[in-house]
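To start, the structure itself, in structure tokens.
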Amino acid sequence: MFKFLGVILMSTLIATSALAAGEIKLPHPDKVGKKTLMHAINMRKSSKIYINKEIDAVTLGTILWAAYGLNRSTGERTIPTAMNQKDLSVYVTKKDGTYKYDADYHQLIPVSKEDLRPLFNTQEYMADVPVVLIYTGSKEDYASMHAGSAYQNVGLFAAANEMGSVVRGYFDKEAVHKALNLPVEERVIISQAVGYTQ
Ligand SMILES: Cc1cc2nc3c(=O)[nH]c(=O)nc-3n(C[C@H](O)[C@H](O)[C@H](O)COP(=O)(O)O)c2cc1C
């Protein structure tokens, strides 16, 4: 009886702490889209002009799912990963704060109330970018390859949806590492701006 009550108490505590952490459930991604893959490949480019327009929750959820979401019930992702290692993390920073993408639950885990976009504002066109994705991972080469697959998926999504995107390496990685409070064994690999160009 006591054991049973203990289990109930523990699950209540776990559920409460999950809620207290303030995870934000993302809407279901649009896994169909309207354009063909070949159209997206043909339209892909780096955009360096943005307008000041927010990205809605469904679109953001779809972008994150394309980057690193689960596409099979067995837990594998939209990108291939060496030895099936999940050594990539995707963060998103926007006006209302900074979050880590939790692919398992397709949700955002808040990591900071701060909008870290100013840290990426090293080129003029960044001023109106609504969302910056930050790819972090282990020091293994493979993590960089995984980031490349993820940013290509996002670039293709943007191209297919009349959005703009650009991969960005020109920012202070140490400052971002510190702002994300990453452990020493994790590194900031690359970032990607996503938004609207018209
Ligand atoms: C790893 C990587 C880092 C990049 N870093 C930057 C950057 O910091 N700033 C920028 O404006 N573009 C950056 N780019 C975008 C390139 O400038 C762009 O891909 C290249 O000029 C070719 O243009 P396209 O993507 O339109 O074909 C980067 C691209 C890659 C793949």
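The values are calculated or read from the model by the stated rules, or taken from the named source; none is laboratory data. Quick caveat, the model's predicted, so the values are computed rather than measured. So basically every Cβ, Gly included, is an ideal-geometry build from the backbone, and we count neighbours across all protein chains shown.
Just a few scattered comments:
- Some residue of the stretch 49-66 being within 16 Å of the ligand (Cβ to nearest atom) and either among the aromatic types (Phe, Trp, Tyr) or within 21 Å of Lys113 (Cα to Cα) (or both): yes
Okay, residues lined up against (1) of a type in the set (Phe, Trp, Tyr); (2) more than 15 Å from the ligand (Cβ to nearest atom); (3) over 16 Å from the mean Cα position of the chain (by Cα); (4) surrounded by fewer than 20 Cβ atoms within 10 Å (Cβ to Cβ):
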site	(1), (2), (3), (4)
Val111	no, yes, no, yes
Thr122	no, no, yes, yes
Asp128	no, no, yes, yes
Val131	no, yes, no, no
Ser149	no, no, no, yes
Tyr170	yes, no, yes, yes
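Each row is one residue, and each column tells you yes or no for (1) modelled with pLDDT of 95 or more; (2) within 15 Å of Gly137 (Cα to Cα); (3) in contact with a Ser or Thr (Cβ under 7 Å, 6 or more places away or on another chain); (4) not aromatic (Phe, Trp, Tyr).
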| position | (1), (2), (3), (4) |
| --- | --- |
| Lys86 | no, yes, no, yes |
| Val90 | yes, yes, no, yes |
| Asp96 | yes, no, no, yes |
| Asp102 | yes, yes, no, yes |
| Pro118 | yes, no, no, yes |
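Let's see how each residue does on (1) over 21 Å from Ala40 (Cα atoms); (2) in contact (Cβ under 8 Å) with a residue 40 or more places away in the chain; (3) in a helix (DSSP H, G or I):
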residue	(1), (2), (3)
Thr62	no, yes, yes
Ala66	no, yes, yes
Val92	yes, yes, no
Tyr99	yes, yes, no
Asp104	yes, no, no
Leu108	yes, yes, no
Thr136	yes, yes, no
Asn153	no, yes, yes
Ala175	yes, yes, yes
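- Among the candidates Tyr196, Tyr91, Tyr99, residue that is surrounded by 15 or more Cβ atoms within 10 Å (Cβ to Cβ) and over 21 Å from Gly69 (Cα atoms): Tyr196
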